[in-house]
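If you scroll down you'll find the structure; I have some questions about it.
The values are calculated or read from the model by the stated rules, or taken from the named source; none is laboratory data. Predicted model only: the values in this text are computed from it and were never measured. FYI the Cβ positions are ideal-geometry reconstructions off the backbone, even for glycines, and counts take in every protein chain you see.
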């Protein structure tokens, strides 16, 4: 029977699984327990802008909202943080049940102040980043093609500068949290040339970041002894609604119900495999 990690790393088109030997063997389980050990107000940061399409992508917000719904049901206070490029999508997917905070696109000094003020206001016990671009060593945010997208990307990485327990979920190397493995990332040709330097307490790697979020839900489910995963229908609804709200597939740049080039059915198969794994 494949492990939860096997499932979220299947169909690895980018080569992120080349980093797996550097991770804990059961990194999802340890991250799930980490979530349960840090109960309280949680902030989920997400949203990745696709320059060619001038729109946010379908990877990130659906997984963020699926995870947020689970944490809310477990009694966690919940807020989402994104920027103007992804605000409508995150706000729409959350059905306005939870506050979505827009982190403005500012310079470093202003961003650091905004992040500090936000942390003092929210007092989170846990920060989670899902498919959120962060800065490389030179301070610039870049996409998988090494294109500078700094002008479209709020510096939400400043939220992760304090010693607040944190989780990062990514699939390519340029996301918040990948700073944990930044030296190794540059040795994998299929990953980004300029990895994100922002570190987190716990890192989750996956072929698709949404899958990483679902894998984390599965791990929490195992810890609690109940299946908290979204249904296939709910997962498809979130992806389709993100497209209806303006999101695009990050690989093709098309306004299609796909995630990182994977069809709706391929995405659903990963979730189906996670459901099956919880039956054992």
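Where in the stretch 181-280 are there helices (runs of 4 or more DSSP H), lying wholly inside it, with at least 3 residues that are under 20 Å from residue 65 (Cβ atoms) and at pLDDT 95 or above? Walk me through it before giving the result.
Details: elements: 182-185, 209-224, 232-244, 264-278.
Passing ranges, in order: 209-224, 232-244, 264-278.
Let me ask you something else. Of the conditions (1) under 22 Å from residue 214 (Cβ atoms); (2) in contact (Cβ under 8 Å) with a residue 40 or more places away in the chain; (3) touching a strand residue (DSSP E or B) at 6+ places or on another chain (Cβ under 8 Å), residue 85 fails just one. Which one is it?
Tallying (1) under 22 Å from residue 214 (Cβ atoms); (2) in contact (Cβ under 8 Å) with a residue 40 or more places away in the chain; (3) touching a strand residue (DSSP E or B) at 6+ places or on another chain (Cβ under 8 Å), residue 85 fails exactly one: (1).
Shifting gears a bit: Determine, yes or no, whether residue 229 is more than 12 Å from residue 16 (Cβ to Cβ), in contact with a helix residue (DSSP H, G or I) (Cβ under 9 Å, 6 or more places away or on another chain) and either surrounded by fewer than 18 Cβ atoms within 10 Å (Cβ to Cβ) or without any contact (Cβ under 8 Å) to a residue 12 or more places away in the chain (or both).
Working: more than 12 Å from residue 16 (Cβ to Cβ): yes; in contact with a helix residue (DSSP H, G or I) (Cβ under 9 Å, 6 or more places away or on another chain): yes; either surrounded by fewer than 18 Cβ atoms within 10 Å (Cβ to Cβ) or without any contact (Cβ under 8 Å) to a residue 12 or more places away in the chain (or both): no.
No, not satisfied.
What pairs come up if the first residue lies in the stretch 102-121 and is exposed (fewer than 14 other Cβ atoms within 10 Å of the Cβ), the second is in a loop (DSSP other than H, G, I, E, B), and their beta carbons are under 7 Å apart, counting only those six or more places apart or on different chains?
Within 7 Å, the pairs are 104/154; 108/155.
Now for a separate question. Among the residues of the stretch 69-97, which ones are within 18 Å of the chain's Cα centre (by Cα), surrounded by fewer than 18 Cβ atoms within 10 Å (Cβ to Cβ) and in a loop (DSSP other than H, G, I, E, B)?
Answer for the stretch 69-97, where residues must be within 18 Å of the chain's Cα centre (by Cα), surrounded by fewer than 18 Cβ atoms within 10 Å (Cβ to Cβ) and in a loop (DSSP other than H, G, I, E, B): just 84.
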